[in-house]
1. Exactly one of (1) in contact with a strand residue (DSSP E or B) (Cβ under 7 Å, 6 or more places away or on another chain); (2) over 25 Å from C:Arg249 (Cβ atoms) is unmet by C:Val187. Its number?
2. What is the number of the single condition among (1) within 23 Å of C:Trp15 (Cβ to Cβ); (2) open to solvent by less than 40 Å² (accessible area, probe 1.4 Å); (3) in contact (Cβ under 8 Å) with a residue 12 or more places away in the chain that A:Phe126 does not meet?
3. What number of residues within the stretch C:79-103 satisfy the criterion of being surrounded by fewer than 20 Cβ atoms within 10 Å (Cβ to Cβ) and modelled with pLDDT under 95?
4. Pick out the one residue from B:Gly226, B:Gly149 that is within 14 Å of another protein chain (Cβ to nearest Cβ) and on the phi > 0 side of the Ramachandran plot.
5. For the stretch C:77-90, how many residues are of a type outside the set (A, V, I, L, M, F, W, C) and either touching a residue at least 60 places away in the same chain (Cβ under 8 Å) or assigned to a loop (DSSP other than H, G, I, E, B) (or both)?
6. Among the residues of the stretch A:240-266, count how many are part of a strand (DSSP E or B) and either open to solvent by less than 10 Å² (accessible area, probe 1.4 Å) or β-branched (Val, Ile, Thr) (or both).
7. State whether one or more residues within the stretch B:224-235 are more than 18 Å from A:Phe126 (Cα to Cα), in a strand (DSSP E or B) and within 23 Å of the chain's Cα centre (by Cα).
8. Suppose we filter B:Arg157, B:Arg205, B:Arg194 for residues that are open to solvent by 50 Å² or more (accessible area, probe 1.4 Å), more than 14 Å from every other protein chain (Cβ to nearest Cβ) and part of a strand (DSSP E or B); which single one remains?
Amino acid sequence: MAILTLTTDFGSRDWFVGTMKGVILQRAPRVTLVDLTHEIAPGDIRGAAFALRSSCRYFPRGTVHLVVVDPGVGSARAALAARTDGHMLVGPDNGVLSWVVAQGGSTIVRRIENTALFLQPLSNTFHGRDVFVPVAAYLAAGGRLGQVGPLTTDFVRLPWPEVKQARKGVVGEVIYVDRFGNAITNVTRDACERVTEGCGGQSGRVVLPSGSTCVLGACYASVQAGRPVGVIGSSGLLEIAIRGGNSVRRLGLRIGHPIRLEPRPS
Amino acid sequence: MAILTLTTDFGSRDWFVGTMKGVILQRAPRVTLVDLTHEIAPGDIRGAAFALRSSCRYFPRGTVHLVVVDPGVGSARAALAARTDGHMLVGPDNGVLSWVVAQGGSTIVRRIENTALFLQPLSNTFHGRDVFVPVAAYLAAGGRLGQVGPLTTDFVRLPWPEVKQARKGVVGEVIYVDRFGNAITNVTRDACERVTEGCGGQSGRVVLPSGSTCVLGACYASVQAGRPVGVIGSSGLLEIAIRGGNSVRRLGLRIGHPIRLEPRPS
Amino acid sequence: MAILTLTTDFGSRDWFVGTMKGVILQRAPRVTLVDLTHEIAPGDIRGAAFALRSSCRYFPRGTVHLVVVDPGVGSARAALAARTDGHMLVGPDNGVLSWVVAQGGSTIVRRIENTALFLQPLSNTFHGRDVFVPVAAYLAAGGRLGQVGPLTTDFVRLPWPEVKQARKGVVGEVIYVDRFGNAITNVTRDACERVTEGCGGQSGRVVLPSGSTCVLGACYASVQAGRPVGVIGSSGLLEIAIRGGNSVRRLGLRIGHPIRLEPRPS
């Protein structure tokens, strides 16, 4: 019984996601459906790519991950199906799958061209239902990746924002803001450990865009209520939080803002 | 293993939908539950009727569709269960099922009166849990429609807004606004094709309430970013969109606003 | 095939809930997942405790209820697993389980200390995924409660706000506001019946904080549209509603506001 996850920008107000599930259950009646999220901001390809990258590895191998964030629907953009480290991926060729594909050791990417799998009549506005869902359901029901279309290495890759070495420590940036207002950065646990090494464990400090600083703590509760703190979050990345508050609202952080991590002066 | 879809105006903030699912799983443990949407605006019977009409046919035959948008809960309004083209429908007698029933070729409608199926004690405020869910679960578990109550032909029918012939082309109206801000109208693909026939394919134009016009395109990407376009959407109906934007916000469209489709002047 | 319900304050925007489901399905592939709600206000322990209390008994015995509203994540707060009246409960020791536990006739509470069950590496910010989910999945897959850790009677209990006897009738308070804007109080059906007894059925009246009053009706439709009404809601508690409107917005009701119920003067 395969698992099929869904990640879209369709929201939960309309019937779009429900309709996709109807088509999936027609073709793969025994699949277990899991909503990853449908609240990706409309057309936010990077947000969807990051959500998929952050969660994919927590599912069993063999899971099919379907992503429909597709501002170019109906245009000439291609459709992709891939296998990477035992996970199956289906989505538009706009970069939305590329952060998982880049992480994967062993990756096969195919262009979806087998129109016999598609729902007919094919709409021009809802390839989620008419193209991606049928292919994802086919794979979840045990279909072969080789049947969806030809191999390709020519697909859209989103650049991953790399951390830069600074005179003292490293400079990263905010790459995602979560529902609690925590600002997740691209600074990994490893990079944090390299910076704070030799200063004894938790003695890093975070420099915010405003120039103010906060400590690097073990958890949100490492500081008093209302105080900012840098923590290694659940994705293994440095995030800026305010205990019991919304750091993005309080500190004015936005995606792309620089965050510096440096050893705490002794 | 039957499928049971849920459409309500209960939102996702409270425990109402979860509680309904608990009762369903007590009575039909092997059912597959699918949320169509719980974000129907409170009491919006037409919105729910349209959501159901738009998605129902994408589910396998034998699916039970439960709709609880029930502003008259606890009053004397009747409760209905129906079968239409192999789909089962359960909901209050306020018109919410009537757009699917009207589409169906072969339809049986029964009034829910078999109180032995109800949850006890019966509340006066949550017939979703106490009346509709037990009946829907009974049907999903293989129960017979004939057991829920007597046949009826006397139930509330919502009038479907009909398109009017104009001197040039047709005049329809906005009937639904989706999460992307696309304004869905009652003008069908057939009506569009009749208007544009003889003008060669896509050469229709849409006249908005403001008097401004936009092209009838094949997909959202048929126009430049930020430009309005009329497309045949995924429900087979003309919708007004702005590429990469929110047409309802930008064009001031509302449910009920007239939309004219006419051949493009050559 | 066990049922596992999820109640969190994680919202539906991010991938947190989806990730938890991935971990659950790794460990208990045949479980049926039900979202109770993920829209508890961030850190609102009382809201979550009330949601669980209101819905728990509608699920079959043997259901595992997982609650992750955990503002103290990463601090020294304990983690609990309990069985009460055949229902299994898993969550942080911050009171969130205590209103169900208090209702239960036969209750066993254990402190989660068996780290062999946890996900590794253990994060400091997401015990939902790394601690509570693995334990809940273990129980849903048939694991024994005795294996999760030692018995305890020393856990956080939220005080339940008790109704007070007044000169005439009783005084309760608003304890929850639902999505429709109905203000749910702690006044039980029994308390209402005692007040109105001897006055013949429905002849109680509700005194609002402003001093204005409304009738105690059988259902929302007992009054004209736009008028306030007290009804015994689906949880068996008195709630203040406005027919077709939002009572909280219209009447300025807030959690903690006093609500008096008294016999209607004859």
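The values are calculated or read from the model by the stated rules, or taken from the named source; none is laboratory data. It should be emphasised that the depicted structure is a prediction, and the values quoted were computed from it without experimental measurement. Cβ: placed from backbone, ideal geometry, glycine included. Neighbour counts: every protein chain shown. Heavy atoms of the whole protein, side chains included, go into the accessibility calculation; ligands, DNA and RNA do not. Shrake-Rupley method; radii C 1.70, N 1.55, O 1.52, S 1.80 Å.
1. Exception for C:Val187: condition (2).
2. It is condition (1) that A:Phe126 fails.
3. 4
4. Values: B:Gly149 fails: within 14 Å of another protein chain (Cβ to nearest Cβ).
Being within 14 Å of another protein chain (Cβ to nearest Cβ) and on the phi > 0 side of the Ramachandran plot holds for just one of B:Gly226, B:Gly149, which is B:Gly226.
5. 4
6. So in the stretch A:240-266, the residues part of a strand (DSSP E or B) come out as A:240-242, A:245, A:258-263.
Those left that are additionally either open to solvent by less than 10 Å² (accessible area, probe 1.4 Å) or β-branched (Val, Ile, Thr) (or both): A:240-242, A:259, A:261-262.
Of the residues in that region, 6 qualify.
7. Checking the stretch B:224-235: not a single residue is more than 18 Å from A:Phe126 (Cα to Cα), in a strand (DSSP E or B) and within 23 Å of the chain's Cα centre (by Cα).
8. On the way: B:Arg157 fails: part of a strand (DSSP E or B); B:Arg194 fails: part of a strand (DSSP E or B).
Exactly one of B:Arg157, B:Arg205, B:Arg194 is open to solvent by 50 Å² or more (accessible area, probe 1.4 Å), more than 14 Å from every other protein chain (Cβ to nearest Cβ) and part of a strand (DSSP E or B), namely B:Arg205.
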